[in-house]
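Enquirer: Dumping the structure here so I can ask a few things about it.
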Amino acid sequence: MRRASRYPLGDVTVFSLIIINKAGGLIYQREYQAGLRSLSTNDYLVLAGTFHGVHAITRSITPKLPLAQTSPATTTPGGGGSAPPAGYSYPNPGIAASGLEHLETEKFRLTCFQTLTGTKFLLFTDPMTGNVDTIMNKIYELYADYVMKNPFYQLEMPVRCEAFDRHLGAWLRGRT
Amino acid sequence: MAAPPRHSAMLSMNSAVATPQPMPGDMSQGPPQSLTPQPSQGLRVPSNRKTIYDRHLNRSRNAELSRASFAYLFAEMVTYAQRRVTGIQDLEKRLNEQGYPLGLRLLDLLFYRTTTTSSSALSSSSTSSSPPNRPLRILTLLHLIHGPLWRLLFGRSADALEHSVSPDTPNEYMITDNDPLVNAYISVPREMNQLNCAAFVAGIIEGVCDGCGFEAKVSAHNQPTEMWPSRTVFLLSFGESVMEREKVLERSGIK
């Protein structure tokens, strides 16, 4: 109820952002607002690796539906334990299993967005913050612009693009 | 960014689209062409036999090029140049060399287009308008670069034009661009902070100067400010012969 009364892009608290490459390595970490205790660099690396692993597991336990039973009655997931392994599909074949998307505690919420290429963006926000999708889209857009179009960025390596820092910081601070 | 690539990209796309369905107007030109593809001889010829060379050069004058495709293309050019260089100066020299032929060719297009725009209608171009003069003096050349050339390349004028204040270097001029299009998405790593990828644009300027008969060396330098972090200054230093000629022209009062 409280969230509904807020403006669409109103007060938004973004604590920090982490980017994990497709191998599970930490390639970017920035804090935008105080509110969370910060970790040591090593702990951030462990966090990235651990999250990557947990994400992969949550993906793999997403139930699949046997392909043979195409009748709409089989929408209950998890029913395909004994069917032959050849004919499986996710509930919606067009969309791959997404894995872990949110982690919520009393003080913050972690939202994970995985791109189609396997890069993961982890955003730590206030639990009350709405429209995290919009923020995430904008971050992805800035990443596509200022990281992927930069000839000096090597794929899968830590992001050291000054223009990305600048634009992202300016945008997040301009909103909050 | 640059007109010739934009031009050809735009037109080749048009001709590709025109291939499957000839326009109604083409019927008057002769028997309708069959829709079978032409035998491939490198260049694809549309069924109405109009290649990009048959179209008017001004047709794509206001055409726009995707910023993202240019950014990817330019990023690839930088990577390509970077692959076989030893140092930053070498890399800038290579980017400069990539821009130079572009500037030489761009000059003709620029003159051509200023002719047709100065006369209000295309029909009167043969009668009323006098052809624009090739710049003879340094200042007219600089104004040509600062204004029309910048508008042709980037759709806006450059931000400043200055003469060197030092008495030792009267042959140096500076053109400033607060936010060069080529550097929009580029962040140079800290260990290469001398590098400015706008050396490519410097090459284009050098080509334009040489094409006009002004021997010059042009280089791009970073001059970031708080407000414009990617502000770039293009330093043009003209050769001895140009400065001598400039003095003669000044005495005889030629503008």
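Enquirer: Below 12 Å, Cα to Cα, which aspartates and glutamates can residue B:255 reach? Residues fewer than 8 away in the same chain don't count.
Expert: Straight-distance partners of residue B:255: B:246.
Enquirer: Would you give the gap between the C-alpha center of segment A:37-53 and the C-alpha center of segment A:94-133, rounded to a whole Å?
Expert: 16 Å
Enquirer: Right, something else. Test of understanding: express the Cα radius of gyration of segment B:89-251 as a ratio to 2.2 N^0.38 Å, with N the residue count. Intermediate values should be presented prior to the final figure.
Expert: Details: Rg = 16.8 Å, N = 163, 2.2 N^0.38 = 15.2 Å.
So segment B:89-251 has a normalised radius of gyration of 1.10.
Enquirer: As an exercise, identify the trypsin sites (Lys or Arg not before Pro) in segment A:34-64 lying in DSSP coil whose Cβ has no more than 10 other Cβ atoms within 10 Å.
Expert: Here the sparse-neighbourhood loop sites are A:37.
Enquirer: Loop only per DSSP, at most 13 neighbouring Cβ atoms within 10 Å: give me the GluC sites (Glu not before Pro) in segment A:91-176, ordered by residue number. Write out the running numbers ahead of the final one.
Expert: Details: sites: A:101, A:104, A:106, A:141, A:156, A:162; in loops: A:101, A:106, A:156.
In loop regions of segment A:91-176 (DSSP not H, G, I, E or B), the sparsely surrounded GluC sites (Glu not before Pro) are A:101, A:106, A:156.
Enquirer: Excluding residues fewer than 8 places away in the same chain, name every one of the aspartates and glutamates whose C-alpha is closer than 14 Å to that of residue B:50.
Expert: B:26
Enquirer: Listed here are the pairs A:64/A:107; A:64/A:138; A:22/A:107; A:120/A:149; which of them are more than 23 Å apart at the Cα?
Expert: From the list (A:64/A:107; A:64/A:138; A:22/A:107; A:120/A:149), the Cα-Cα distance tops 23 Å for A:64/A:107; A:64/A:138; A:22/A:107.
Enquirer: Arranged from highest to lowest average of other beta-carbon atoms within 10 Å per residue, in what order do the peptides B:190-196, A:24-30 appear?
Expert: A:24-30, B:190-196
Taken together, the values in this text are just the output of simple stated rules run on the coordinates, not laboratory data. A quick note: this is a predicted structure, and the numbers were derived from the prediction, not measured. Counting neighbours? That spans all protein chains shown, and the Cβs are built from the backbone with ideal geometry, glycine included.
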